[in-house]
């Protein structure tokens, strides 16, 4: 290497050890080499970040990139492009593809597809089934595996573990954390008479609080009795938050920006099936209850549950319309919007989106701006207003439920493994994503 450093970021306001400080950052290869004021050594590239704020790279712990299976909705390439344009440097991708990622061979296929094609770093979930519930030990040393995903209520795709015997078996036999889509399948089936054709507002009546709560109580009690950690995804009710407060030693909790930003019936009246997701966006008291859980530490992580469908599919009359909306490109901007509105402290946003995913899942050397850590950085202009629009969305679906929303922050740059991936809001076409390493 000709020079001491490969990249120096000068004159930045940087989020280091929970505070914003004025400093330079020197990167060598893919690692942060030095954090200091006025670094004078030579470098292959120098970027002036005066007036900008540098954060540790955002990590989205729940995305559906639809590959293999449905490239019209998304691919690993298009989804990761959307990620870096929203300041997300790493993603956990879900296994409910077609075919599902439920065997070592199919897991390896995902890794092979990702290699050299993803803008962001990546890890994949291994899908639990009733058939593989006793053979999950194979995931123990799988490179790029973030955990086991178990659907115990049916959603998009055909991954489902609905019998208690197998639900318990998955939790018992998993060598890694089990992340759970928690809705009770038997109740969902029993309540199908609540579905009103053509009325998407019946979605949250059908998939009511009880369908979520019954399921979450069950898995928390299994985890407690087996002394195995689990992670409950996209928590959508204040009831679950109130219950899970007492299970923090064994259950970690994730929610989405959708459940913190939208509420029924208003959002359905305005956006219709475009805000239909599983579990659903509910009434305002649930949004407020989840916010309480975010602020008191019951919620550990925010994941977007990026789940794109084409506009044509979403415009079908309910219930033919599929559940899910894109979110990887807007996750950080939406949380910064809530910060600007005084709902949440900046430190809390960074802990939910950078630090806690690394702590919870054991991601090696990411989540912080520290010497010796991988150089994944999200660089914002915190003084420039930005309007989220459908045209800005890089996902193959080309829409967002947040079209027209304004936020006093603009993504300026994204650095992935020490490489400039986005700068001055423009994407660099080279792809630098690598599989995440886990402790």
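The values are calculated or read from the model by the stated rules, or taken from the named source; none is laboratory data. Nothing here was measured: the structure is a model prediction, and the numbers come from that model. Please note: Cβ atoms are built from the backbone with ideal geometry, for glycine as well, and neighbour counts cover all protein chains shown.
Need the failing condition index for residue 147 against (1) under 19 Å from the mean Cα position of the chain (by Cα); (2) assigned to a loop (DSSP other than H, G, I, E, B); (3) surrounded by 22 or more Cβ atoms within 10 Å (Cβ to Cβ), just the number.
(2)
Considering only the range 109-121, I want to know if a residue exists there that is over 18 Å from the mean Cα position of the chain (by Cα) and farther than 27 Å from residue 439 by Cβ.
No, the conditions are met nowhere in the range 109-121.
Residues of the range 391-405 being without any contact (Cβ under 8 Å) to a residue 60 or more places away in the chain and farther than 18 Å from residue 78 by Cα, which ones?
Let us first name the residues in the range 391-405 that are without any contact (Cβ under 8 Å) to a residue 60 or more places away in the chain, namely 391, 403-404.
Hits for the range 391-405 are 403, 404.
Within the range 106-144, which residues are touching a residue at least 60 places away in the same chain (Cβ under 8 Å), part of a loop (DSSP other than H, G, I, E, B) and buried (at least 24 other Cβ atoms within 10 Å of the Cβ)? Before you say what the answer is, go through the steps one by one.
To start, the set of residues in the range 106-144 that are touching a residue at least 60 places away in the same chain (Cβ under 8 Å) comprises 111, 114, 116-123, 143-144.
Still in the running and part of a loop (DSSP other than H, G, I, E, B): 116-120, 143-144.
Those that are touching a residue at least 60 places away in the same chain (Cβ under 8 Å), part of a loop (DSSP other than H, G, I, E, B) and buried (at least 24 other Cβ atoms within 10 Å of the Cβ): 118, 119, 120.
What are the residues in the range 256-293 that are surrounded by 24 or more Cβ atoms within 10 Å (Cβ to Cβ) and part of a strand (DSSP E or B), if any?
none
Of everything in the range 357-392, what is buried (at least 22 other Cβ atoms within 10 Å of the Cβ) and either more than 25 Å from residue 36 (Cβ to Cβ) or modelled with pLDDT under 95 (or both)? Give them in sequence order.
357, 361, 363
Can you tell me which of (1) closer than 22 Å to residue 53 by Cβ; (2) in contact (Cβ under 8 Å) with a residue 40 or more places away in the chain; (3) in the same structural domain as residue 90 (by TED's automatic domain parsing) is the one residue 345 doesn't meet?
It is condition (2) that residue 345 fails.
Within the group 249, 296, which residue is surrounded by fewer than 20 Cβ atoms within 10 Å (Cβ to Cβ), modelled with pLDDT of 95 or more and farther than 21 Å from residue 148 by Cβ? Give the derivation first.
Details: 249 fails: farther than 21 Å from residue 148 by Cβ.
Exactly one of 249, 296 is surrounded by fewer than 20 Cβ atoms within 10 Å (Cβ to Cβ), modelled with pLDDT of 95 or more and farther than 21 Å from residue 148 by Cβ, namely 296.
Quick one: residue 219 ticks every box in (1) more than 25 Å from residue 335 (Cα to Cα); (2) under 20 Å from the mean Cα position of the chain (by Cα) except a single one, so which number is it?
Failed condition: (2).
Please enumerate the residues belonging to the range 11-47 that are in a loop (DSSP other than H, G, I, E, B) and within 19 Å of residue 351 (Cβ to Cβ). Let's see the steps before the verdict.
Step one: of the range 11-47, the residues in a loop (DSSP other than H, G, I, E, B) are 17-18, 29-30, 37-42, 44-45.
Listed by number, the residues that qualify are 17, 18.
For residues that are in a strand (DSSP E or B) and free of Cβ contacts under 8 Å to residues at least 60 places away in the same chain, scanning just the range 408-433, find the one that is nearest to residue 5 (Cα to Cα). Steps first, answer last, please.
Within the range 408-433, the subset in a strand (DSSP E or B) is 410-416, 419-423, 426-427.
Remaining after also requiring free of Cβ contacts under 8 Å to residues at least 60 places away in the same chain: 410, 426.
On the way: 410: 28, 426: 24 Å.
Out of the qualifying residues, it is 426.
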